[in-house]
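All remarks here apply to the structure that follows.
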Amino acid sequence: MLKIYFRAGIRNLIRHRSFSLINVIGLSLGFSAIMVMAVMLYQYLTVNGQFHNKERMYYVKTRGLDGGEAMMTPYPFLYTILQSCPDVEAGSHMQSYRWPWIKAGNKEFQDNTWFVDSGFFKVFSYPLQYGDPATVMHHRSDIVLSQEMAIKLFGSAADAIGKPLMRDDSIPMTVTGVLQPVPSNTTSRPEVLMSTDVINAESDWISMADWHNGLAETYLLLRKGADTARVNAQLNRIVRANFDKSLPKTTAFLAPYSRFVEAESGNLTLVLIKGLTGCIVFILLVVVANLINLNAATLLGRQKEMAVRKMMGSGRFHLIAQFMLENAMTVFASLVIAFLLFSGLLMPAINELLRDHFGSIAVNIRHDYPLIGFFILVGLLIVVLAGSFPAFHFGSVRAVDAIKGRVTEKRDRNTTRNIFITLQFVLATTFIGVTIIFNSQIRHMKSAALGFHQENVLVAHVGLAYRDPKTAAARYDALLNDLRHNPAVLGFTNSNNIPTAYDDNFNFFSDPASSHEISMRQAAIDAGMLPTFQIKLLEGRNFSGITDSSDNHTVIINHRAAELMGWKNAVGHQLRPNGDKNVYTVVGVTADYHFGDLSRNIDPLLLWPMGRQKLMSSFLSIRYAPGHGQEIGRWLTRTFKEIPSRQDFSFEFLDTRIDKQYSLLEGILKAINYIAVLTIFIATMGLFGLIASFTRRRVKEVGIRKVLGAGTGDIVRLLSRSFLVLIGISLAIATPMAWLVMHNWLQDFAYRIEIRWWMLAGAGLIALSIAALTVGYHAVRAAKANPVTALRSE
């Protein structure tokens with residue numbers, strides 16, 4: 001019996017090959033998009049899933065006087081917790097204070113390095129390919145490598161164990177462990193692990209690792225049955241007894257590691273997750289509606305076949321089996337094609353987009369088998385929904401009625417058709433509206449005034465790990481002198497912070513006169529920063545930058561900071577930072593400028609003086625005369641090649657860096673454009689099939705009307721009227737839906753556009769035009785057909 005069903009299904013798919021092709025194309029494109037989004041959503045839902053005891057893993061956060069939260073805690077906090085809190089089973093820092101240079105033979109590297117405590121592998125159950133988790137981090141000279149790093153240095157992971165390495169050119173280390181490959185959806189993926197004993201012996205670190213500075217991420221594993229409220233109370237007793245007195249009313253609390261990504265990744269990730277979920281549901285609805293529409297379009301052509309089957313004894317079950325088998329062949333062929341599109345085209349493109357923000361996504365069938373089950377389940381669900389619709393309709397019709405062409409009651413047929421057409425175009429129009437508004441928001445952010453001039457600025461990376469720092473500093477001083485005498489150079493600055501790359505370095509500053517206190521972002525600059533980026537001074541003066549001590553005890557703040565301090569004329573006022581007995585005088589106030597992207601508000605900012613310009617920063621930024629950027633870049637490249645360093649010199653232009661801030665959003669926009677086109681394409685194909693069926697069903701009526709004198713325009717209006725009314729209803733539903741979705745989405749941006757009427761009207765006009773062309777094509781074709789042929793159709 002199954003063989004008969006299969007053979008009949010193949011014949012019917014070939015006989016209706018135009019509809020079959022439309023189905024396969026629409027389903028393949030829809031499924032491929034769903035696969036990409038489902039994989040991304042699954043990665044989020046299963047993040048850090050490889051860790052044992054994740055429900056007992058926590059990290060410590062602090063909450064300041066202003067309500068702001070931070071996950072960086074004072075370094076000694078962990079050790080006091082381990083001594084004072086019996087509910088804590090194990091704990092470890094995860095500290096990236098610096099990345100040492102590691103040398104193996106003639107190979108040297110600097111990569112993502114964590115300094116961790118001996119309890120690290122008790123908290124984080126990273127599986128080791130080689131080595132014992134209980135002992136690999138017991139000595140200062142122990143080092144654990146990722147599998148990729150071990151292969152890169154020693155050829156294989158097994159050959160790395162016990163091998164010597166050299167840290168910072170002179171300190172011997174020994175490889176004691178190699179990690180197994182870490183899943184791509186793990187929050188932290190270390191390349192190198194070293195003991196915190198390494199930095200505990202460094203004087204620079206010791207001077208900072210006190211109870212004032214928040215420098216360390218603190219992770220804990222609680223005992224089974226531990227009371228988190230009791231642990232929180234113990235943490236705050238430690239805070240009151242030990243934290244620096246300049247940190248008043250600071251509290252500490254446990255944050256569950258199971259919600260780490262949700263809590264720490266920011267609004268953008270949550271917006272993406274909500275968007276992915278919505279898109280998956282939308283596309284599934286469109287795909288199912290389209291498949292049902294096209295199945296309905298074939299009903300008329302198969303009425304006699306079904307009538308004969310019923311007269312031969314086929315019951316409703318046999319008809320359901322036949323239609324489901326045909327749909328199953330279409331759906332699962334589409335799944336195979338969609339997987340090829342997903343793996344060969346879409347996933348590499350998505351990884352290119354997300355790599356710098358979230359890392360690469362990899363699908364491992366052994367671990368990600370629920371995804372395979374999800375896709376199969378979705379396919380079966382679509383088969384059942386799409387296959388049962390025509391089968392139930394045919395099963396309820398008498399054979400004699402089917403032969404006469406009465407497949408369904410007119411009211412039922414029209415209601416079903418109307419619902420699916422309306423649904424498809426509501427979704428399509430909504431996506432078009434979302435795309436128009438999304439595009440307008442990104443264009444607004446990229447073109448908005450930033451408070452500085454981004455054009456004609458070259459940014460060079462000069463923190464290159466020089467092999468001879470003293471010689472490099474002397475050569476750099478000569479380079480700066482050449483820049484001062486170059487007529488094409490209009491200004492330059494050395495800094496660790498530039499627009500698009502400001503550190504998240506905050507402290508509380510108070511006015512000694514009023515004791516009013518606010519939190520400010522802080523950064524160090526030289527005297528060249530403001531003129532190079534053409535940041536406007538609203539009052540006061542710039543730093544002089546003549547010597548390292550010429551600007552001692554002076555600071556510059558932005559207008560936002562002056563406003564929050566309540567100063568109308570800020571110059572001459574004093575500020576005292578928490579943890580510092582000295583006071584500093586405000587000598588200048590800058591206009592507010594965007595040091596980050598426009599999705600965030602401008603923080604109050606305090607600028608420290610760096611003194612004279614010299615080799616001590618990460619960036620050298622140069623404002624040049626128009627047309628001289630590449631020339632200066634080539635000159636810098638030649639000059640830095642003559643200074644021995646471990647890293648290669650590179651430069652880029654500031655406007656390019658600023659554009660890169662929005663690379664993720666632009667990639668999302670491309671994805672939304674693809675989904676919008678896909679949705680309208682599938683909806684149009686479904687409409688195409690229904691209209692084809694509808695015009696065939698009324699072929700005699702059209703012929704009679706033409707014989708009685710109806711013109712082409714009359715016929716077009718007759719056949720188009722009901723469909724265009726449905727499209728109009730779709731637009732009325734989709735317009736407020738698109739407005740609501742995008743209004744809520746825009747709230748995540750500090751600087752956002754207003755949704756204009758023309759954006760939604762444009763979406764409706766596009767959808768209406770596409771629908772009108774589709775309907776009009778069939779209507780005109782039917783109107784111009786020979787009525788004699790129509791009347792002889794039987």
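Tabulated data
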quantity	calculated
Ranked by how many other beta carbons lie within 10 Å on average, peptides 328-341, 282-295 from highest	282-295, 328-341
Surrounding net charge for residue 457, when Lys and Arg each add one and Asp and Glu each subtract one, Cβ distance under 14 Å	-2
Carbon/sulfur fraction of accessible area - the range 519-631, other protein chains in place, 1.4 Å, %	47
For the range 197-234 and the range 518-587, distance of Cα centres in Å	33
Rounded D (µm²/s) - the range 29-146, Kirkwood Rh over Cα pairs, Stokes-Einstein at 10 °C, 1.306 mPa s	89
Sequence-distant residues sharing a close amide H with residue 492 (under 5 Å, placed H)	623
Pairs of alpha carbons in the range 612-677 whose separation is greater than 15 Å (percent)	69
Residue-wise HN-Hα coupling along the range 198-214, computed from phi with Karplus coefficients 6.51, -1.76, 1.60 (Hz; x: Gly, Pro)	5, 7, 5, 9, 9, 4, 4, 6, 4, 5, 9, 7, 10, 8, 9, 7, x
For residue 608, residues with placed amide H under 5 Å, excluding near neighbours	523, 524, 525
Distance histogram in 5 Å bins (all Cα pairs of the range 96-206, percent per bin)	2, 12, 25, 27, 20, 10, 3, 0
Residue-wise HN-Hα coupling along the range 440-447, computed from phi with Karplus coefficients 6.51, -1.76, 1.60 (Hz; x: Gly, Pro)	5, 5, 5, 4, 4, 5, 6, 10
Anisotropy class of the range 549-677 from Cα gyration tensor, a/c 1.5 cut	oblate
Cα-based Kirkwood hydrodynamic radius, the range 482-551, one decimal, Å	14.6
Residue pairs, from the table 61/163; 103/470; 274/660; 103/581; 249/536, whose Cα atoms sit over 32 Å apart	61/163; 103/581; 249/536
Antiparallel DSSP beta bridges within the range 541-632, as percent of all bridges there, nearest 5	45
³J(HN,Hα) computed for each position of the range 151-156 - Karplus, 6.51 cos²θ - 1.76 cosθ + 1.60, integer Hz, glycine/proline x	5, 4, 8, 10, x, 7
Accessible surface of the range 87-243, 1.4 Å probe, proportion on carbon and sulfur as whole %	48
Sequence-distant residues sharing a close amide H with residue 48 (under 5 Å, placed H)	186, 187
Cβ crowding within 10 Å averaged over residues, with 715-723, 85-93, 753-761 ranked highest first	85-93, 715-723, 753-761
Average projection area in nm² (convex hull over Cα atoms of the range 569-622, one quarter of hull surface)	6.1
Stretchable slack from residue 714 to residue 552, in nm (0.36 nm times residue separation minus alpha-carbon distance)	49.6 nm
Extension gain (nm, one decimal) between residue 204 and residue 733, 0.36 nm per residue minus Cα-Cα	184.1 nm
Ranked by how many other beta carbons lie within 10 Å on average, peptides 448-457, 524-533 from highest	524-533, 448-457
FRET E, pair residue 608, residue 151, Förster distance 41 Å, beta-carbon r, rounded to 0.05	0.40
Theoretical gain in end-to-end length, residue 237 to residue 54 [0.36 nm per residue, Cα-Cα removed]	63.3 nm
Set of the range 526-563 residues, backbone N closer than 15 Å to the point 7 Å along the Cα-Cβ line of residue 480	526-530, 532, 543-551
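The values are calculated or read from the model by the stated rules, or taken from the named source; none is laboratory data. The structure presented is a predicted model; accordingly, all values stated were derived computationally and were not measured. Virtual Cβ from ideal backbone geometry, glycine too; neighbours counted across all protein chains shown. These accessible areas exclude ligands, DNA and RNA; they are computed on the full protein's heavy atoms, side chains included. Shrake-Rupley method; radii C 1.70, N 1.55, O 1.52, S 1.80 Å.
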